[in-house]
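Here is the structure we will look at, set down as structure tokens.
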Amino acid sequence: MTGVMRQSRVMHSLVLGVPDGAGSRELPEEVPVAMVYNGSTYAVMMATPGDIVDFATGFALTEQIVETSVELGEVEVMRYGAGIEARVWLSADRTESLSARRRMMTGPVGCGLCGIDSLEQALRPIAPLPVNSLRLTPADVTLALDELRGWQPLHDQTRAVHAAGFYVPGQGIIMAREDVGRHNALDKLIGALVRAGIDGATGAITLTSRISVDMVQKCAIAGAPVLLSVSSPTAHAVELAAGAGITLVSIARGATHVFSHPDRINEAPHVI
């Protein structure tokens, strides 16, 4: 790399204090993160500048740049005044596939299908998950979403970020990640699970955001058979989850709803 790498204040903190008319308030940082695979920029995402190695790992998997973590090599995080580069090296056999799908663009934090260039890619089918013995009780569902609140220090400071957590029956939430973008938070969680060697089939993904098609797709790639949220899913997300063998559950306005595969929720209170 040529030139001088500059460290910025933005890179040292996830929050920024700003005046709000009544003193000051802490707001989350949002910086461009360039996903660079084998030396070429694939996408630039606006994200919270933390857990970048997790982000790059999860993004590579959910974008299907790689099929398994074995195809991922070293991840190098370069921090500049203008943003961050996550440099990831892939196995040789992924180079051709990467070239076919390479893109260079900016992804807004609310966009989980950033850069998809066809309807077929956006609505790509999901292979059904393997048969899984995971079962949750209604108490598990409530506990998972309640415990997730305790894993959101950045949200406690700013009230402006999303979280994704991983709940294991009998253990509770064992891992969580936060980001200004709900898709980014989930990618970071998936990357963290993979890096820790935790099998997604052993628990449920929990979200603070709505369940859209792309969130179901990411959940399937992680191998998690249950997706829980504090917000309802879209109609197509339910259809996609049903076909993939994923149980969708939401707790909204005090009511619990099981939208697909209710057999995984013992004594499910309400089935759509």
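Laid out as a table, the results:
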read-out: Some residue of the range 220-239 being modelled with pLDDT of 95 or more, surrounded by fewer than 20 Cβ atoms within 10 Å (Cβ to Cβ), under 30 Å from residue 157 (Cβ atoms) and out of contact with any strand residue (DSSP E or B) (no Cβ under 8 Å at 6 or more places or on another chain); value: no
read-out: Candidates 223, 200, filtered to the one that is without any contact (Cβ under 8 Å) to a residue 40 or more places away in the chain and within 20 Å of residue 66 (Cα to Cα); value: 200
read-out: Residues satisfying the stated conditions in the range 228-246, i.e. among the β-branched types (Val, Ile, Thr), touching a residue at least 40 places away in the same chain (Cβ under 8 Å) and farther than 23 Å from residue 168 by Cα; value: none
read-out: Residue check, residue 135 out of contact with any Cys (no Cβ under 6 Å at 6 or more places or on another chain), over 23 Å from residue 50 (Cα atoms) and touching a residue at least 40 places away in the same chain (Cβ under 8 Å); value: yes
read-out: Residue within the range 103-124 that is modelled with pLDDT under 90, surrounded by fewer than 14 Cβ atoms within 10 Å (Cβ to Cβ) and hydroxyl-bearing (Ser, Thr, Tyr) present; value: yes
read-out: Selection status of residue 209, buried (at least 17 other Cβ atoms within 10 Å of the Cβ) and at pLDDT below 95; value: yes
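Here is a yes/no grid of residues against (1) more than 19 Å from residue 59 (Cα to Cα); (2) aromatic (Phe, Trp, Tyr); (3) in the same structural domain as residue 24 (by TED's automatic domain parsing):
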| position | (1), (2), (3) |
| --- | --- |
| 156 | yes, no, no |
| 160 | yes, no, no |
| 166 | no, yes, no |
| 186 | no, no, no |
| 192 | no, no, no |
| 199 | no, no, no |
| 215 | no, no, no |
| 249 | yes, no, no |
| 257 | yes, no, no |
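The values are calculated or read from the model by the stated rules, or taken from the named source; none is laboratory data. These numbers come from a predicted model, not from an experiment. Every residue, glycine among them, receives a Cβ derived from its backbone with ideal geometry; neighbour counts consider all protein chains shown.
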